[in-house]
């Protein structure tokens, strides 16, 4: 699987993470940086497994 840059933002109620370079909405969230990062990595794997090459922006 291709590598993606992931943006993690801190918000008052936790963290939100999302990848760059994927079509569609792929978001992770968590109370900690690590939890949001883990959540979005899982979402990326699921998204790519489900949509394959169509999910990647080139």
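The values are calculated or read from the model by the stated rules, or taken from the named source; none is laboratory data. Given the structure is predicted, the values throughout are model-derived calculations rather than measurements. Glycine also receives a Cβ, built like all others from the backbone with ideal geometry; neighbour counts cover every protein chain displayed.
Is it true that residue 44 is within 11 Å of the chain's Cα centre (by Cα) and modelled with pLDDT under 95? So residue 44 fits the description; yes.
Determine whether residue 14 is without any contact (Cβ under 8 Å) to a residue 60 or more places away in the chain and more than 10 Å from the chain's Cα centre (by Cα). Against the criterion (without any contact (Cβ under 8 Å) to a residue 60 or more places away in the chain and more than 10 Å from the chain's Cα centre (by Cα)), residue 14 qualifies.
For residue 24, the conditions (1) part of a helix (DSSP H, G or I); (2) surrounded by 10 or more Cβ atoms within 10 Å (Cβ to Cβ); (3) modelled with pLDDT under 90 all hold with the exception of (1). Within region 1-17, if we keep just the residues that are over 16 Å from residue 51 (Cβ atoms) and touching a helix residue (DSSP H, G or I) at 6+ places or on another chain (Cβ under 8 Å), the residue that is surrounded by the fewest Cβ atoms within 10 Å (Cβ to Cβ) turns out to be 10.
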